[in-house]
1. From the list Asp262, Asp284, Asp314, which one is more than 24 Å from Val18 (Cα to Cα) and in contact with a Gly (Cβ under 8 Å, 6 or more places away or on another chain)?
2. Hey, which of the strands (runs of 3 or more DSSP E) in region 42-147, taking only ones fully inside, have at least 1 residues that are acidic (Asp, Glu)?
3. Against the condition touching a residue at least 12 places away in the same chain (Cβ under 8 Å), out of contact with any Leu (no Cβ under 8 Å at 6 or more places or on another chain), within 15 Å of Asn80 (Cα to Cα) and of a type outside the set (S, T, N, Q), how does Asp102 come out, does it pass?
4. Check region 224-239 and report whether any residue there is in a loop (DSSP other than H, G, I, E, B), under 16 Å from Val149 (Cα atoms), at pLDDT 95 or above and in contact with a strand residue (DSSP E or B) (Cβ under 8 Å, 6 or more places away or on another chain).
5. Suppose the filter is surrounded by fewer than 21 Cβ atoms within 10 Å (Cβ to Cβ), modelled with pLDDT under 95 and closer than 21 Å to Gly333 by Cβ; does Gly51 pass it?
6. Pairs only if they're at least six apart or on different chains, beta carbon under 9 angstrom, first in region 230-253 and at positive phi, second aromatic (Phe, Trp, Tyr) and open to solvent by 10 Å² or more (accessible area, probe 1.4 Å); list them, first residue then second.
7. Since Gly113 meets every condition but one in (1) in contact (Cβ under 8 Å) with a residue 12 or more places away in the chain; (2) closer than 30 Å to Glu211 by Cβ; (3) surrounded by fewer than 16 Cβ atoms within 10 Å (Cβ to Cβ), which condition does it not meet?
8. What number of residues in region 316-338 are open to solvent by 10 Å² or more (accessible area, probe 1.4 Å) and out of contact with any strand residue (DSSP E or B) (no Cβ under 7 Å at 6 or more places or on another chain)?
Amino acid sequence: MTLFLFDDVQARSWEPFVLTRPVGELLFGCVLLRQRAERAWRLPCAGHVAGPSLAGFEEDGAPPVVELPQDRSALRILVNSRAVLTPATLPGPDVGATLLTDGGVAGWVLPVGAPSPPPSALDDPAAWADAPPPTQVGGFLLTTPWELVDRNGARIRDDAATSELHEASPSEVTRMGDGRVLLGPDAAIESGVVVDARDGPVILDGSARAEGPARIVGPLYVGRESVVLGGTVARSSIGRRCLVRGEVADSVLTGFCNKAHDGYLGHALLGRWINLGALTTNSDLKNTYGRVRVELSTGLVDTERLKIGCFLGDYVRTGIGTLLNTGAVVGAGSNLFSGQMPPKYVPPFSWGAGVELTEHRLERFLETARRMQERRGQLLTESMAAMLATAWSGSAELRKSRGVRP
């Protein structure tokens, strides 16, 4: 049996993340969406079907981006990367099935000899006329990046309920509330840290650490080797090897993010390899208390929400004192500085102060990315560098249309 995740048209609209990563490699709760599918099916993911522009995607532990599998000699499971499925409701692999859940078609189970769906069905799963018989399963389909943030706290609670991590004893932590406090191997909560578990669990994965003085508030997940350096970190998911300080609330940091200084980050979704300069702050509430509209490359979208923070693509960096507007979208590879507020939509690979943006030179960007990863003991591989170069050239017209100077 082989498991594949695919990004449909709706998933591929998840700016600014999908330019440089499959949606399945975003964090949700305590694990990536891809890992959630692997756990549900008890199978390793063989690849992401995410379009040719992501060919060469390569990260530690992640499967590659592949073409749609056509081999009929094995049983194939194709799951929408936006799907969050309930394992106990999934069908056995002995018969073909179209998986229906809250929101639509979540994927297919294709037995030996069954054809793979046409490319048009991967764009719109409901459009496959010859799909296997429908089977209702538990779960849902995420629709937007901000829904991923909205539902993150509930997902942490569900993950904690089935976690096998060590339950901290009352003597180990200063705590409030009856929520679970879970520690992975070599995780530590130092003296001077208040753990507020009144509204949900607090989870520190393997080798994670919370340093005093700090307040950590559940539902909260702190990933492997990440460190809370101080401040208040609440109702968030902090991915692997992040440094976090200041005020962080209701946010998701996918991994390898550095927010090591004071500043506010709220209702935000961050990709990987992001560095926020000291006192970088985002707004997550309009001073009119009106609904937030997010600007994408395709136009304005009404989120129907009052609280929306920022969405930062991979490899975004900000200088000290950078201010980000409510619902700001910053494209991958951008470098913002000077403390001036940039536009609400910053095209990928932009460089500059405020609204005065120029194109981030590819060679300069890649050299910085290499240095950044080396500092964390990681390697920017040649295939990943080539994929980033494709993203840079593929977004050139978008930068031009938005007035970014070459």
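The values are calculated or read from the model by the stated rules, or taken from the named source; none is laboratory data. The shown structure was predicted, so the numbers you read here are calculated from the model rather than taken from an experiment. Cβ sites come from the backbone with ideal geometry, for glycine too, and all protein chains shown count toward neighbours. All accessible areas refer to the heavy atoms of the entire protein, side chains included, with ligands and DNA or RNA removed. Shrake-Rupley method; radii C 1.70, N 1.55, O 1.52, S 1.80 Å.
1. Details: Asp284 fails: more than 24 Å from Val18 (Cα to Cα); Asp314 fails: more than 24 Å from Val18 (Cα to Cα).
Checking each option against the conditions leaves just Asp262.
2. Details: elements: 45-49, 76-80, 83-85, 97-102, 104-110, 134-141.
By residue number, 97-102.
3. On the way: touching a residue at least 12 places away in the same chain (Cβ under 8 Å): yes; out of contact with any Leu (no Cβ under 8 Å at 6 or more places or on another chain): no; within 15 Å of Asn80 (Cα to Cα): yes; of a type outside the set (S, T, N, Q): yes.
Here the answer is no, as Asp102 does not meet what is asked.
4. In the first step, residues of region 224-239 are kept if they are in a loop (DSSP other than H, G, I, E, B); the result is 224-226, 235-236.
Pick out the ones that are also under 16 Å from Val149 (Cα atoms) and you get 235-236.
Then keep just the ones that are at pLDDT 95 or above; that gives 235-236.
Next cut, in contact with a strand residue (DSSP E or B) (Cβ under 8 Å, 6 or more places away or on another chain) only: 235-236.
The answer is yes, given that some residue of region 224-239 is in a loop (DSSP other than H, G, I, E, B), under 16 Å from Val149 (Cα atoms), at pLDDT 95 or above and in contact with a strand residue (DSSP E or B) (Cβ under 8 Å, 6 or more places away or on another chain).
5. Values: surrounded by fewer than 21 Cβ atoms within 10 Å (Cβ to Cβ): yes; modelled with pLDDT under 95: yes; closer than 21 Å to Gly333 by Cβ: yes.
The answer is yes for Gly51.
6. What qualifies is Gly246/Tyr264.
7. (2)
8. Number satisfying all stated conditions: 3.
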